Amino acid sequence: MPSSRLLRRSVATAALIAGLTLSGCGFDAQTLRPYNQSQGVNVDGPQVKVRNLLIVADDSGKGVVSGTLVSSADDALAGVAGGAHQANGSDAGTLTVTATALPLTLPAANAVVLTNPLPVVKVSSPGLKPGLTATLVLTLRSGARVSADVPVMSSADPVYAGIPLG
């Protein structure tokens, strides 16, 4: 039965080609791409990972830095600096930083939340407005620095209602 063998071989070849073709359809699927599910930004520095970094501010330009820091070794957050951006991305002024608990100890492999129980870093600038962005530079005692452009979220948003600004 040469024709039967040829038919089976043809069907097997077609199935193999179809399987390879169809399995390639999901190669670049959007669900396979990592993305940030939070509103803030994630930044990995030399010794620290920063998660959900953002500023919560009101319309008067007063705000607080929110985010979670995890250091790979015992360290401390020693300083914060930055500047506000206008809608077109240009400079809108330097942030005035008021730190209530710096240096902030960062025990190795422990998450430290910058707004729990109270905000650690308060910022202000006439150009700091919800819906825009700002640059933040976090400096650790070890000398490591992390810089990121972060969103400025409205303190009127119910998600951030529990974070005191003043």
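The values are calculated or read from the model by the stated rules, or taken from the named source; none is laboratory data. Quick caveat: nothing in here was measured; it's all calculated off a predicted structure. A quick note on method: Cβ atoms are made from the backbone with ideal geometry, for glycine too, and the neighbour counts reach across all protein chains shown.
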| query | Hey, LEU132 hits all of (1) at pLDDT 90 or above; (2) hydrophobic (A, V, I, L, M, F, W, C); (3) closer than 22 Å to ASP75 by Cβ but one; which does it fall short on? | reply | (3)
| message | within 24 Å of THR94 (Cβ to Cβ), modelled with pLDDT under 95, out of contact with any Asp or Glu (no Cβ under 9 Å at 6 or more places or on another chain) and in the same structural domain as PRO126 (by TED's automatic domain parsing): which single residue out of ASP58, ASP75 fits that description? | response | ASP58
| Under the condition of being part of a loop (DSSP other than H, G, I, E, B) and among the charged types (D, E, K, R), which residue from segment 129-164 is farthest from VAL43 (Cα to Cα)? | ASP157
| field | Number of positions in segment 100-130 that are of a type in the set (A, V, I, L, M, F, W, C) and over 21 Å from the mean Cα position of the chain (by Cα) | value | 2
| query | Does THR31 fit the bill of being in a helix (DSSP H, G or I) and modelled with pLDDT of 80 or more? | reply | no
| task | Go through (1) within 19 Å of LEU140 (Cα to Cα); (2) among the small types (Gly, Ala, Ser); (3) at pLDDT 90 or above one by one and return the number of the condition ALA99 breaks. | result | (3)
| task | Could you list all residues from segment 50-88 that are within 18 Å of MET153 (Cβ to Cβ) and outside any strand (DSSP E or B)? | result | ASP58, ASP59, SER60, GLY61, GLN86, ALA87
| said: Looking at segment 155-166 only, could you name the residues that are among the small types (Gly, Ala, Ser) and surrounded by 17 or more Cβ atoms within 10 Å (Cβ to Cβ)? | reply: SER155
